[in-house]
Amino acid sequence: MKRLFAKPILIILCLVAFCSNAFAQKLPTYEEYMRGKVLVGNTYIDTNNATPQQMARYRKQVRLNKLSAEHYYFNWLGKQNIGVRFEQGGKSKIYEGLEQHNNGQEFTSILIDGTTSVEIIAQNIDSEQNAGNYLYRVIKNNSQEIIGWRPPASIKTSADGSIKYAYLGKFNYSPGEFLKVEMYNIKNFSEQDAILIDWRPVEPAKVYGYIQYLSKSSRIPDNGFYSKGLTDLQQTNEKYFKYVNGKGIVSERPLQVKDFIETVSKDDIKFRTDDSVQNIRFDITNGERLYNYKVSLKREIKGHTDSLNLGENNSRFNLYKEFWKSPGKYQITFTPKIYRPGGEPITLLRSLATNVKFTVLPALNKQRTISVKTLGYIVIILLTTGGFMFAMYRDSQKRKLKREAQNRQIATLQLQSVRAQLNPHFIFNALAGIQNLMNKNEVENANKYLSRFARLTRNILDDGNKELTTIEQEISLLNDYLQMEQMRFGFEFDIEINEQEIDQQIEIPAMLLQPFAENAVKHGVSALKEKGNISIIITKTGSTLVLAVKDNGKGFAATNGTGMGLKLCEDRIALLNQVYKNTNILLHTASNSNGTLITIELQNWL
């Protein structure tokens, strides 16, 4: 009884001891767990087990933190190589400009609203030796190079002496000007950076508008539209050319055809929604600056007012007719839109907004009348002409279809004739093979050969009236034929087809490959015996089915010709192209001393 309980008791005591020891171990505190870990970006890195790439990111962050403590900005300046420090104690406002492009790469621009100066550094250059790998230059107003390409000459040290960096210089406020600083690594041109400093004040948009329209009386210009200034005044007179006493003079007369312009004063723009009017184009003549203008449209139509946000622009803006097709009062506004460093918050300088007001009037009702008698004549003429043209077209189509049917029937009969010539050609060659085995007294092989030949002949006769056969049946015929010829010459052969990619029930012209396989045996590998090799390859490319026969014989140049079979095949393919007009069958032959490759492309077959 004691032995019965001894073992379970011992197991329980061991479990109790193990659990007591586990609970006795002290779990690590948060401080112990975070020891050696630093935050780089949004990720904690264990400096004791970090990869070289992680340590490089960590060291770069340490450098940026040190230099940021000395008021250099990097976080919103793109590549984080070029840093900028603004003059301390100034009252200038700093804004982030639009992204610029330099050698296919983007870089940041800075708008300075005030007179502060800036200092530019390159933080990743930490020694005189490293500075030799970089070149920089400074351009003023995109027109004057004030510092040509040169390596940084001044290496400075942070206040605590732990960080070295290249000092590119201090640049003072220059009214109405902007500077561009470019830098690249001469050993790795993809490592490049740039920054643009702009002291030009933010300006209201200088906008000039054009009404774009189509002219029914003149040839349409290359751009598809004619244009009139949005502020052009209504014309009451027009100039015309006349002869007086044999001399041509230019005179004026009251306007014969009134256009859509109704503006009498440039402060009150009016025009009508004529069918020819397409859109209004606004050119911002002082645009393409480092900031955009927010475009908005206010509409007052039949007592209802709404506003639309139409995006941003700083060069050219098209206001399509869809937005102002209804008569009413409209106001389009261009407001400078700038950003604080880092992209937020958005600042709209509404005091510098530009407003363009215009009124859209209803279209003039132009009614044209025609007499009932004239309308009757037009209807009779149209019906008579239409009936005559329809009869001619129908007769032409009948003749065309009859002619195509005749041509197709002729091509089909010719195709059957070629097939009829191919079958005896194959049977003659097979009987010659049997005779050859009998002459060698290889009775057993001759019997096997004759058995396969009988099966092939039966299949050919059964399908003799079919122009198409499935890929599966064509492969079976080729397999029987090549096994039959393998008894005579001992060559190797293989048939390659991706059964998952190609449906073997697809139909192709019957016995299309057999003559080429026969030619490969007779003129290619027959002399090589066991060293001969024939490959049948069936693939597809898009909607094209590709059939290939390849052998390692000596090519056509080493034979006495390719025989009548190949000539019949070429004639047959030409006839197939006449019958199947929606497809195109191409035959390619490549032959040299290393072998022969026959390729047949059935284009648009799948």
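Taking 18 Å as the limit for the C-alpha separation, the pairs LYS522/LYS550; LYS266/LYS298; LYS140/LYS164 exceed it in the case of LYS266/LYS298; LYS140/LYS164.
Stretching the chain fully between PHE489 and ARG200 yields a gain of 95.0 nm (0.36 nm per residue, less the alpha carbon separation). Under the simplified labelling scheme, the LYS170-GLU496 pair shows an inter-label distance of 7.5 nm, with each label point 7 Å from Cα along Cα→Cβ. In terms of distances greater than 27 angstrom between alpha carbons, the cross-link table entries LYS60/LYS93; LYS440/LYS531; LYS373/LYS398; LYS228/LYS329 yield LYS60/LYS93; LYS373/LYS398. Placing unit charges on the Cβ atoms of the charged side chains and taking the dipole of segment 45-133 about its Cα centre, the candidate lying farthest along the positive direction among ILE45, ALA69, ILE121 is ILE45. Between ASP571 and HIS101, the distance separating the two model label sites (each 7 Å from Cα on the Cα→Cβ line) works out to 6.3 nm. The fraction of accessible area contributed by carbon and sulfur in segment 264-355 is 43 percent, rounded to a whole number (1.4 Å probe; ligands and nucleic acids excluded). In the distance distribution for segment 429-578, Cα-Cα pairs more than 19 Å apart total 57 percent.
The values are calculated or read from the model by the stated rules, or taken from the named source; none is laboratory data. From a predicted model like this one, the values you see are computed outputs, not experimental measurements. Here Cβ is always computed from backbone atoms with ideal geometry, including for glycine, and neighbour counts include all displayed protein chains. Accessible surface is based on the protein model in full, side chains and every heavy atom, while ligands, DNA and RNA are left aside. Shrake-Rupley method; radii C 1.70, N 1.55, O 1.52, S 1.80 Å.
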